[in-house]
Protein chains: 2
Amino acid sequence: MIRKRATIADVAARAGVSAQTVSNVVRGTGNMREETRRRVEQTIQELDYRPNRSAQTLRSGVTKMLGVAIPYFDQPFCPMFVEYVARFSRERGYGLVISLYGRDIDSAVNEARRINADGWIILSDVSLEGNDEAFSQDFPIVLAGDCLGAGTVDAVMMPNVEASAYATQWLFDHGCERVGMIGASPRLFDESGQFIPGELDRVMHAVERNVDMRFRGYAQAVARNTMPLDASIALPAAAITRQEGERQAELLIERGGLPDGLFCANDAIALGVLSALNRHGIRVPDDVQVIGFDNTIDAHYMSPALTSIDPDSQEYARWAVEMLIARIEGNDEPPVVKTTAFSLVERESTR
Amino acid sequence: MIRKRATIADVAARAGVSAQTVSNVVRGTGNMREETRRRVEQTIQELDYRPNRSAQTLRSGVTKMLGVAIPYFDQPFCPMFVEYVARFSRERGYGLVISLYGRDIDSAVNEARRINADGWIILSDVSLEGNDEAFSQDFPIVLAGDCLGAGTVDAVMMPNVEASAYATQWLFDHGCERVGMIGASPRLFDESGQFIPGELDRVMHAVERNVDMRFRGYAQAVARNTMPLDASIALPAAAITRQEGERQAELLIERGGLPDGLFCANDAIALGVLSALNRHGIRVPDDVQVIGFDNTIDAHYMSPALTSIDPDSQEYARWAVEMLIARIEGNDEPPVVKTTAFSLVERESTR
């Protein structure tokens, strides 16, 4: 049996849109409602529509290539960020290569040198202090991940301090008497789990590294509510992962004295925390209210669904792409740092 | 204040391992327990240890490069697969580039042509029938994603039919009287939601496309239990995503007549289904037992945690890497298809 191959007109008719809209979806260009984009994508899959090959080849022959280097993929933020970067690159007519560099920023730059892209976005959540020479490459670099490239390259930042202070204050304003945090930097703590005063002082002035800035915002709000900073309810995370969130929440539960509010350094941590609380029959939000950070897609699918700071990751990715393309196209102004706006998306993990 | 930079010996001492083990973790080589690897990685981050730069550069100068092309990143399987591919590539001394090709396999091949890797793993969940010429490139290709390259390239497969029949039978054996499925191919259904007999017949002989093979396994087990195939409890998914799982479960709940067992085409679908069931106060596993497929990390973090078929994704990725490297190094035997083994990981969504 020979199946007739679906045409762009078939897709357009079934999805109830114009052929131009279908073409825009295929090429990742144009402005349309998210709902329309998804309906067209689903129709493309239902009809197994394949765009004309030579048109695609022609298009790909003329595009340039961006690169994005990511430390890991197994936590929810990175895949979301890469999806956005891919979409905005395509919208601007650029291809994209992705590199998974592991723990080491130097290897990110080395990998970048070997892959022939016109410029790179490097996502890093570890400090790049003293690493200036890594950024003196013959291709432009934009930093994402809330670290500064010692003023030598463009960077995008999230409003980490403000948003974390807001989330913590929000918990106090919504009935919490003791608000804890999970996901502080391990460097803040000595071996008995107490704060190291010098490190605490350093973090209270942090202007980069998201874990440090998020702790800083948390600590500011705690101080405003005349609650002492308490290392028994503000816990470190060796990595900002679901696994660590779960492990630290287990420790907190074992130890007793659970706070009635928990601000988590990111959604990954919060997902692990919710999992541990659920397993121990601790009710969220009745016994403990929980807020995450990143507003990843997983926040919606948790049970209870997770209230989370939305740092506008889409704008974050869009700016990184725009800044990089501007450099590739010749912008030689001094490096700039752009910071997104935030909002709190209330779901079921808070009252 | 000048902080002394951490050395490999500092990391080894604190993590309680040898310097060689630390080196193996940094370079992604060597065999060790997962727990050891994680402890070393956490210590590296705690101490902010950065491996010696020139050693890294030297290493990267001599490695070759694999490519992996992925259709999307916003569902849980793909990031996990890429993490495994990256680890096994590194273990074999190869670098890795990742390409996000969107919906169209031809664009995957076009992207691959432009990025100078020594060979490509292409993950595709849409059929590649009639697309043979796409695979006649001057670099080797290995297909992942349970589609066959018309016998022209190596492929890795999951045991889709057997594992899906097993999961469905397991539900019947554990108290379910009616087992439904979410995530069948939309092509099976006419506009009133009834099965199209010709399409049903085609799928009952499917040897590629994971959604088709998983439906085939489900239907086999249903037939063995003398239950008629019922289109009111076997629902399509336009895409195998959390969003579609949620949407289809909402339809099923609205319509009434919820089955007491649900086999989901993958974990993404199952996560959406659990979210919808939770929201409607339908108890899992008391009212409905749910099984997913892929055993992604998210399965563990759901509430209730998701019982899922583990198709050994790690082996799946390892084989793809090994087969590709063998081709790069000169293997010119006829193409082969390798299929992984499976197990069922029981968690809280089943009784």
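The values are calculated or read from the model by the stated rules, or taken from the named source; none is laboratory data. Every value quoted in this text rests on a predicted model; they were computed, and no experiment measured them. FYI the Cβ positions are ideal-geometry reconstructions off the backbone, even for glycines, and counts take in every protein chain you see.
Tabulated results
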{"item": "Residue among A:347, A:351, A:283 that is within 14 Å of chain B (Cβ to nearest Cβ), in contact with a His (Cβ under 8 Å, 6 or more places away or on another chain) and in a loop (DSSP other than H, G, I, E, B)", "result": "A:347"}
{"item": "Residue list for segment A:61-82, restricted to those being assigned to a helix (DSSP H, G or I) and over 10 Å from residue B:98 (Cβ atoms)", "result": "A:61, A:62, A:77, A:78, A:79, A:80, A:81"}
{"item": "Condition met for residue B:136 (within 12 Å of chain A (Cβ to nearest Cβ) and either at negative phi or over 17 Å from the mean Cα position of the chain (by Cα) (or both))", "result": "no"}
{"item": "Filter result for residue A:94 (surrounded by fewer than 23 Cβ atoms within 10 Å (Cβ to Cβ) and outside the structural domain of residue A:297 (by TED's automatic domain parsing))", "result": "yes"}
{"item": "Residue B:292 being within 14 Å of chain A (Cβ to nearest Cβ), crowded, with 19+ Cβ neighbours inside 10 Å and out of contact with any strand residue (DSSP E or B) (no Cβ under 7 Å at 6 or more places or on another chain)", "result": "no"}
{"item": "Within segment B:253-280, tally of residues that are not in a helix (DSSP H, G or I) and not aromatic (Phe, Trp, Tyr)", "result": "11"}
{"item": "Of all residues making up segment B:260-282, the number that are touching a helix residue (DSSP H, G or I) at 6+ places or on another chain (Cβ under 8 Å) and surrounded by fewer than 24 Cβ atoms within 10 Å (Cβ to Cβ)", "result": "4"}
{"item": "Residues located in segment A:83-111, provided they are more than 8 Å from every other protein chain (Cβ to nearest Cβ), part of a helix (DSSP H, G or I), touching a strand residue (DSSP E or B) at 6+ places or on another chain (Cβ under 6 Å) and at pLDDT below 90", "result": "A:108"}
{"item": "Residues within segment B:223-252 that are closer than 30 Å to residue B:73 by Cβ and not in a loop (DSSP other than H, G, I, E, B), tallied", "result": "14"}
{"item": "Residue ID - farthest from the other protein chains (Cβ to nearest Cβ), chosen from residues in segment A:247-278 that are over 27 Å from the mean Cα position of the chain (by Cα) and without any contact (Cβ under 8 Å) to a residue 24 or more places away in the chain", "result": "A:256"}
{"item": "Residue match in segment A:230-242 (condition: out of contact with any Phe, Trp or Tyr (no Cβ under 8 Å at 6 or more places or on another chain), in contact (Cβ under 8 Å) with a residue 40 or more places away in the chain and among the polar types (S, T, N, Q))", "result": "yes"}
{"item": "Within segment B:139-187, tally of residues that are of a type in the set (A, V, I, L, M, F, W, C), under 23 Å from residue B:218 (Cβ atoms) and under 23 Å from the mean Cα position of the chain (by Cα)", "result": "16"}
{"item": "Qualifying residue in segment B:281-301 (condition: free of Cβ contacts under 8 Å to residues at least 12 places away in the same chain and under 21 Å from the mean Cα position of the chain (by Cα))", "result": "yes"}
{"item": "Residues that are more than 21 Å from the chain's Cα centre (by Cα) and modelled with pLDDT under 75, drawn from segment A:112-128", "result": "none"}
{"item": "Test: residue A:308 is hydroxyl-bearing (Ser, Thr, Tyr), buried (at least 16 other Cβ atoms within 10 Å of the Cβ) and in a strand (DSSP E or B)", "result": "yes"}
